[in-house]
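See structure below.
The values are calculated or read from the model by the stated rules, or taken from the named source; none is laboratory data. Not measured: the values here are computed from a predicted model. For accessibility, only protein heavy atoms count, side chains too; no ligands or nucleic acids. Shrake-Rupley method; radii C 1.70, N 1.55, O 1.52, S 1.80 Å.
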Amino acid sequence: MIILNFLPIDTEPWLWAKLVLMGAAVVVMGVKVTRFSLWQRDEYWRERGKDPKHPERIVPPAS
């Protein structure tokens, strides 16, 4: 977005386009951060030998 701000275009449609692009970027980053956070939580429980969806249950060892 910083690069887009340096372009010498100051029309109202351009400002709306930048707003839409910024909004889309915020949504995409929010989804990525949420997915990463949930992945970390699941890995935390897997390291302890528990089911990530139900950490109160113990996963039987694989045979």
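Check Asp51: other-chain or 5+ apart residues with amide H under 5 Å from its amide H, H built from backbone geometry?
Arg57, Val59
In whole Hz, with x marking every Gly and Pro, tabulate ³J(HN,Hα) for region 37-49 from phi via Karplus 6.51 cos²θ - 1.76 cosθ + 1.60, θ = phi - 60°.
5, 5, 4, 4, 4, 5, 5, 4, 6, 5, 4, 8, x
Mind sorting out which of [x] 1.41; [y] 1.27; [z] 1.17 is the real Rg/Rh (Cα atoms, Kirkwood Rh) computed from the coordinates?
This structure yields the entry labelled [x].
Run the numbers on the chain and let me know its relative contact order in percent, using alpha-carbon pairs under 8 Å that are six or more apart.
It rounds to 15 percent for the chain.
Summing -39500 (n - 2.57) over the DSSP H runs of n ≥ 4 in the chain and dividing by its residue number, what mean residue ellipticity at 222 nm do you reach, to the nearest 500 deg cm²/dmol? Please list the in-between numbers first.
Working: 2 runs with 41 residues, N = 63.
Helices in the chain give a 222 nm mean residue ellipticity of -22500 deg cm²/dmol.
Can you list the HN-Hα couplings for region 12-21, worked out from phi with the Karplus curve (6.51, -1.76, 1.60; θ = phi - 60°), rounded to whole Hz and with x for Gly and Pro?
Result, ordered by residue: 4, x, 5, 4, 5, 5, 5, 5, 5, 4 Hz.
What percentage of the solvent-accessible surface of the chain, computed with a 1.4 Å probe over protein heavy atoms, is contributed by carbon and sulfur atoms?
Answer for the chain is 69 percent, counting heavy atoms of protein chains only.
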